[in-house]
Amino acid sequence: MLNTVLDFVPEIPIAENTKKFTDWLTDTFAFLFDPIKENLESFMEFTADNLILIPPVIVILLVAVLAFFISGKKFGLAAFSIVGLWLIYNQGFWDHLMNTFTLVLISSLLSVIIGVPVGILMSKSKTAEAIITPILDFMQTMPAFVYLIPAVAFFGIGMVPGVFASLIFATPPTVRFTNLGIRQVSKELVEASEAFGSTGSQKLFKVELPMAKATIMAGINQTVMLALSMVVIASMIGAPGLGTEVLSALQRAQVGTGFVAGVGIVILAIIIDRFTQTVNTKNK
Amino acid sequence: MPVIEVKNLSKVFGKNPKQALKRLDEGMSKDAILKETGNTVGVNRASFSVEEGEIFVIMGLSGSGKSTLVRLINRLIEPTEGHVLIDGEDLAAMDKKSLRQVRREKLSMVFQKFALFPQRTILENAEYGLEIQNVAKDVRKKKAQEALEMVGLGGYLHQKPGQLSGGMQQRVGLARALANDPEVLLMDEAFSALDPLIRKEMQDELIDLQAGMKKTILFITHDLDEALRIGDRIALMKDGSIVQIGTPEEILVNPANDYVEKFVEDVDRSKVLSAQNIMKRPETINIEKHGPRVALERMREEGLSSIFVVDSKRNLKGYVTADDASEARKKDIRDIHEILKNDIPRVEKDTAMNEIFDVIYDSPIPVAVIENDKLVGIIVRGAVIAALAGEGEVKLDA
Ligand SMILES: Nc1ncnc2c1ncn2[C@@H]1O[C@H](COP(=O)(O)OP(=O)(O)O)[C@@H](O)[C@H]1O
Ligand SMILES: [Mg+2]
């Protein structure tokens, strides 16, 4: 029969080998993963705990004032921030909000710290670009849930594996846009900087990065949004925050609670999005 | 020693440049090489040298390799073959650090589309070259400001390039290049993006600047009028090769081949040629020795209707006409002074031809060409017309 052709090769043990590989990684690099987990976890808990300690009214006012100035002295975003944040407080989700914010903040920061240099490397070397591009495609198309499994293997449960999964899922836009932004800098400007005798790093820091800033910021904005979208997924492996509420509402079919927690995430998303976007347009 | 010396310099873009060079040696054309090998000849065995204080223009149609050539000179493009010497030092042999040093200290570039850094202010743009040399902030600010004042932009220090007109932006480009106090300015079609009036203005200013600062300037253009206007010498490029190098007059008057001739055909010669190119050796008589009789004889021999009168030092004293001279002979007048006329149209040796028109238009006698009060030549109406028509009778450096 025809299927015998397909069955000619017995099933290749990809899954098994991936597991073996992950186990090997976990065992071999435990000396690395364990301290990362411990330090990062305590740092994040420390951050979240301190955020929670600040009286909510002060946080809300601070965000509103920042929003006012960042959006060019307009009241829209400030008003939205006040109402939105107050609503979350009112629903009793303030602590969750602070946890979620910490998770998004830390994983976005790490994404940027890793993503921008990788993007620069990519823009400087065709080989690097050829190698990294498919990896980025892979990272972005793989369902985010899949990252949870090695994340748990490496880091157990809690915030840190959440950060790890988010890092893999959310870093690609920053890398791509950094690469794109630098490659888009006009050839004449690069030539000008070289013609005056710039070193490679002078060219990068004085011309290419400033010119690419708007594009890089657009990538960072996407990264932050993706990190936020990982919040619910990360809660499946025990990362505290608004996602936990969504997840437990789902498990218990509590439409109301699920909706409220979801709205909380949306409010946070809108505020963060506007903040990163206006920072961007202001610098143009 | 020349400031820039280019020896046998070639650049081929593509996968197999050496092979393409070999084809060039076998006499294949740029087009044929592109078709057969897929390699583009950018510059083909260019050789020339530029002396200190000279404005050397490289001219050619779009695609003839001008930009490639100028970028080979500061090694923004690596040559396929050949050498570039700056003050006698071979650029090709330099490591990155010494190359940077040469770029910082000796060569500054001005770009066609200005290439200003848009996020920097005008002052910060002009500071760039010094900033990357880690010159102290107040020093570089002062130098950049001086350079900006030199190009007339002292009042725009804190604007962004986007706020300025094209002409002003290119002044910033020029100031940025001058702030480094380089020996050489490399200008790649620096004025091509400007509209004609601004362009003329910039050309004049460049000539003035150069006269004051004695920079060596390598100026690229596709515009023959511009080349003729500002160039001390011009190299004409075609398909990557230099087809002729010479002063504007040499190029106009003695085109090396049909290509150059076609190129210069339409040029407004009246602006480029001057009195010395079209003047003839004057027939004269000496006021201290000769009388009306000699004058008349000389005129008869040469078939002239008038003749200029000079003293022994060739100072122009006047002219006599054939009519007056024969009248004088009849009346037996011996003294030439009695029939001497003095209403002679005069021009200097370097008066441009378009100014000679007005003088010669209603003059019955030839125009006298004067240098240091001495008569050095005459211009007859026919010579002006012949020169304008591009015919051969003009000569160089009489
Ligand atoms: N980077 C490049 N790669 C391939 N071909 C090039 C490159 N730069 C220039 N050329 C080719 O070299 C020739 C000369 O170009 P260029 O020096 O820019 O001419 P010009 O400045 O006189 O217009 C053209 O045929 C052009 O297509
Ligand atoms: Mg060009």
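The values are calculated or read from the model by the stated rules, or taken from the named source; none is laboratory data. Not measured: the values here are computed from a predicted model. Note that we place each Cβ from the backbone using ideal geometry, even for glycine, and neighbour counts take in every protein chain shown. Heavy atoms of the whole protein, side chains included, go into the accessibility calculation; ligands, DNA and RNA do not. Shrake-Rupley method; radii C 1.70, N 1.55, O 1.52, S 1.80 Å.
Which residues, counting only those in the stretch B:66-101, are more than 16 Å from ligand 1 (Cβ to nearest atom), part of a strand (DSSP E or B) and under 26 Å from residue B:22 (Cα atoms)?
So in the stretch B:66-101, the residues more than 16 Å from ligand 1 (Cβ to nearest atom) come out as B:83, B:85-101.
Next cut, part of a strand (DSSP E or B) only: B:83, B:85-86, B:89-90.
B:83, B:85, B:90, listed by residue number.
Just one of B:359, B:376 is in a strand (DSSP E or B), at negative phi and open to solvent by 40 Å² or more (accessible area, probe 1.4 Å); which is it?
Working: B:359 fails: in a strand (DSSP E or B).
It is B:376.
For (1) of a type in the set (Asp, Glu); (2) within 15 Å of ligand 2 (Cβ to nearest atom); (3) on the phi < 0 side of the Ramachandran plot; (4) at pLDDT below 95, each residue gets a yes or a no:
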position: B:11; (1), (2), (3), (4): no, yes, yes, no
position: B:23; (1), (2), (3), (4): no, no, yes, yes
position: B:33; (1), (2), (3), (4): no, no, yes, yes
position: B:36; (1), (2), (3), (4): yes, no, yes, yes
position: B:56; (1), (2), (3), (4): no, no, yes, no
position: B:72; (1), (2), (3), (4): no, yes, yes, no
position: B:93; (1), (2), (3), (4): no, no, yes, yes
position: B:117; (1), (2), (3), (4): no, no, yes, no
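Given the stretch B:181-257, what strands (runs of 3 or more DSSP E) lie entirely inside it while holding 1 or more residues that are open to solvent by 40 Å² or more (accessible area, probe 1.4 Å) and farther than 19 Å from residue B:63 by Cβ? Reasoning before the result, please.
Details: elements: B:184-188, B:216-221, B:233-238, B:241-246.
Ranges flagged: B:233-238, B:241-246.
Scan the stretch B:290-301 and give yes if some residue there is in a loop (DSSP other than H, G, I, E, B), over 30 Å from residue B:249 (Cα atoms), modelled with pLDDT under 85 and not hydroxyl-bearing (Ser, Thr, Tyr), otherwise no. Working first, answer last.
Let us first name the residues in the stretch B:290-301 that are in a loop (DSSP other than H, G, I, E, B), namely B:290-291.
Cutting the leftovers down to over 30 Å from residue B:249 (Cα atoms) gives us B:290-291.
Next, from what is left, pick out any that are modelled with pLDDT under 85: none.
Checked against the condition, which is being in a loop (DSSP other than H, G, I, E, B), over 30 Å from residue B:249 (Cα atoms), modelled with pLDDT under 85 and not hydroxyl-bearing (Ser, Thr, Tyr), the stretch B:290-301 yields no hits at all.
Every residue, every condition in (1) buried (at least 20 other Cβ atoms within 10 Å of the Cβ); (2) in contact with a helix residue (DSSP H, G or I) (Cβ under 8 Å, 6 or more places away or on another chain); (3) farther than 26 Å from residue B:131 by Cβ, yes or no:
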site	(1), (2), (3)
B:64	yes, no, yes
B:70	yes, no, no
B:94	no, yes, no
B:105	no, no, no
Just give me the residues in the stretch B:292-311 being crowded, with 19+ Cβ neighbours inside 10 Å and either touching a Phe, Trp or Tyr at 6+ places or on another chain (Cβ under 7 Å) or farther than 15 Å from residue B:342 by Cα (or both), in sequence order. B:292, B:295, B:296, B:299, B:306, B:307, B:308, B:309
Only one of these conditions is not met by residue B:320: (1) in a helix (DSSP H, G or I); (2) under 45 Å from the mean Cα position of the chain (by Cα). Which number is it? (1)
Just checking, how many residues over the stretch B:45-54 are within 15 Å of ligand 1 (Cβ to nearest atom) and either at pLDDT 95 or above or open to solvent by less than 10 Å² (accessible area, probe 1.4 Å) (or both)? 1
Among (1) among the hydrophobic types (A, V, I, L, M, F, W, C); (2) away from chain A (no Cβ under 14 Å); (3) within 15 Å of ligand 1 (Cβ to nearest atom), the one test that residue B:1 misses: (3)
Flagged in the stretch B:107-147 as open to solvent by 10 Å² or more (accessible area, probe 1.4 Å), closer than 20 Å to residue B:68 by Cα and in contact with a helix residue (DSSP H, G or I) (Cβ under 6 Å, 6 or more places away or on another chain), in numbering order, are B:113, B:114
Filtering the stretch B:252-274 down to residues that are β-branched (Val, Ile, Thr) and in contact with a Lys or Arg (Cβ under 9 Å, 6 or more places away or on another chain), which residue is farthest from ligand 1 (Cβ to nearest atom)? B:253
Write out, first by first residue and then by second, each pair whose Cβ atoms fall under 6 Å of each other, whose residues are 6+ apart or on separate chains, and whose first residue, in the stretch B:5-30, is in contact (Cβ under 8 Å) with a residue 24 or more places away in the chain while the second is more than 16 Å from ligand 1 (Cβ to nearest atom). B:5/B:49; B:5/B:85; B:6/B:47; B:7/B:47; B:7/B:83; B:8/B:47
Out of A:58, A:120, which single residue is of a type outside the set (Gly, Ala, Ser) and under 28 Å from residue A:232 (Cα atoms)? A:58
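State yes or no: is residue B:68 within 14 Å of chain A (Cβ to nearest Cβ) and of a type in the set (Ser, Thr, Tyr)? Walk me through it before giving the result.
Details: within 14 Å of chain A (Cβ to nearest Cβ): yes; of a type in the set (Ser, Thr, Tyr): yes.
Criteria met by residue B:68.
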Extreme residue, nearest to ligand 1 (Cβ to nearest atom), among residues of the stretch B:102-130 that are among the charged types (D, E, K, R) and outside any helix (DSSP H, G or I): B:113
Given the criterion free of Cβ contacts under 8 Å to residues at least 12 places away in the same chain and within 30 Å of residue A:184 (Cβ to Cβ), identify the matching residue among A:126, A:73. A:126
For residue B:6, are the conditions met, namely being at pLDDT 90 or above, assigned to a strand (DSSP E or B) and within 12 Å of residue B:80 (Cα to Cα)? no
Given A:175, A:185, A:160, A:190, which one is open to solvent by less than 10 Å² (accessible area, probe 1.4 Å) and either within 14 Å of chain B (Cβ to nearest Cβ) or at pLDDT 95 or above (or both)? A:175
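Is there a residue being closer than 22 Å to residue B:76 by Cα and in the same structural domain as residue B:83 (by TED's automatic domain parsing) anywhere in the stretch B:29-39? Working first, answer last.
Step one: filter the stretch B:29-39 for residues closer than 22 Å to residue B:76 by Cα, giving B:39.
Subsequent filtering for residues that are in the same structural domain as residue B:83 (by TED's automatic domain parsing) retains B:39.
Scanning the stretch B:29-39, I find at least one residue that is closer than 22 Å to residue B:76 by Cα and in the same structural domain as residue B:83 (by TED's automatic domain parsing), so the answer is yes.
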Away from ligand 1 (no atom under 16 Å from the Cβ) and in contact (Cβ under 8 Å) with a residue 24 or more places away in the chain: which single residue out of B:189, B:288 fits that description? B:288
Those helices (runs of 4 or more DSSP H) lying entirely in the stretch A:1-116 with at least 3 residues of a type in the set (Phe, Trp, Tyr) and within 21 Å of residue A:155 (Cα to Cα): A:30-53
Residue B:11 fails exactly one of (1) within 12 Å of ligand 1 (Cβ to nearest atom); (2) farther than 18 Å from residue B:260 by Cα; (3) within 22 Å of the chain's Cα centre (by Cα); (4) away from chain A (no Cβ under 14 Å), namely (3)
Qualifying positions in the stretch B:315-351 - surrounded by 16 or more Cβ atoms within 10 Å (Cβ to Cβ) and either closer than 30 Å to residue B:253 by Cβ or not assigned by TED's automatic domain parsing to the domain that holds residue B:376 (or both): B:316, B:319, B:344, B:345, B:347, B:349, B:351
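So that you can scan it fast, the table gives a plain yes or no per residue for (1) away from ligand 2 (no atom under 16 Å from the Cβ); (2) within 26 Å of residue A:204 (Cβ to Cβ); (3) among the hydroxyl-bearing types (Ser, Thr, Tyr); (4) not assigned by TED's automatic domain parsing to the domain that holds residue B:260:
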site	(1), (2), (3), (4)
B:62	no, no, yes, no
B:77	no, yes, no, no
B:80	yes, no, yes, no
B:99	yes, yes, no, no
B:102	yes, yes, no, no
B:111	no, yes, no, yes
When (1) surrounded by 21 or more Cβ atoms within 10 Å (Cβ to Cβ); (2) modelled with pLDDT under 95 are applied to residue B:162, the one that fails is (1)
